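The values are calculated or read from the model by the stated rules, or taken from the named source; none is laboratory data. What you are looking at is a predicted structure, and each value in this text was computed from that prediction instead of being measured. Cβ atoms come from the backbone with ideal geometry, glycine included; neighbour counts cover every protein chain shown.
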Amino acid sequence: MRIAYAYDEPLPHTGADAEQVVNTVAALGRNGVSVQLLIPSVSNDAPQPAALREYFQVEGPFEVGLIPKSPSALASSRNGPTRSASRATSGLERPTSPTRGTCPAS
């Protein structure tokens with residue numbers, strides 16, 4: 001089975017929706033489905049699947065394809081043109097978050 005899974009934001013980014021999308025395509029890949037994740041292009045380079053797997057800390061094969069996106073559509077998207085596609089192609093680092101289950105002292 002082959003599935004094209006479209007997502008409307010450039011990757012990577014730290015939103016919960018991005019986590020869900022990448023986890024879903026990776027899980028499908030682990031279960032033998034041939035998956036191509038389609039994301040909007042902000043440059044001519046699609047993020048490498050291995051880089052996305054590392055960034056989102058998932059396992060499972062999938063491919064990445066680009067959907068052309070106009071500059072005006074990118075500017076009007078919910079997060080604007082602030083996400084850089086260059087992060088998607090090299091040197092990805094996942095932002096750190098506070099340790100779960102800890103509360104600041106009152």
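Computed values, structure above
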| item | result |
| --- | --- |
| Per-region count, region 34-60, residues free of Cβ contacts under 8 Å to residues at least 40 places away in the same chain, more than 15 Å from residue 18 (Cα to Cα) and buried (at least 16 other Cβ atoms within 10 Å of the Cβ) | 2 |
| Residue in region 1-26 that is surrounded by the most Cβ atoms within 10 Å (Cβ to Cβ), counting only those that are over 15 Å from residue 60 (Cα atoms) and of a type in the set (Ser, Thr, Tyr) | 7 |
| Subset of region 5-34 (residues that are of a type in the set (A, V, I, L, M, F, W, C) and outside any loop (DSSP other than H, G, I, E, B)) | 6, 16, 18, 21, 22, 25, 26, 27, 28 |
| Cross-chain or 6+ apart pairs with Cβ under 8 Å, region 11-27 first and in contact (Cβ under 8 Å) with a residue 40 or more places away in the chain and under 17 Å from residue 40 (Cα atoms), then hydroxyl-bearing (Ser, Thr, Tyr) and part of a helix (DSSP H, G or I) | 12/55 |
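Every residue, every condition in (1) at pLDDT 55 or above; (2) within 15 Å of residue 13 (Cα to Cα); (3) polar (S, T, N, Q), yes or no:
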| site | (1), (2), (3) |
| --- | --- |
| 36 | yes, no, yes |
| 43 | yes, no, yes |
| 68 | yes, no, no |
| 82 | no, yes, yes |
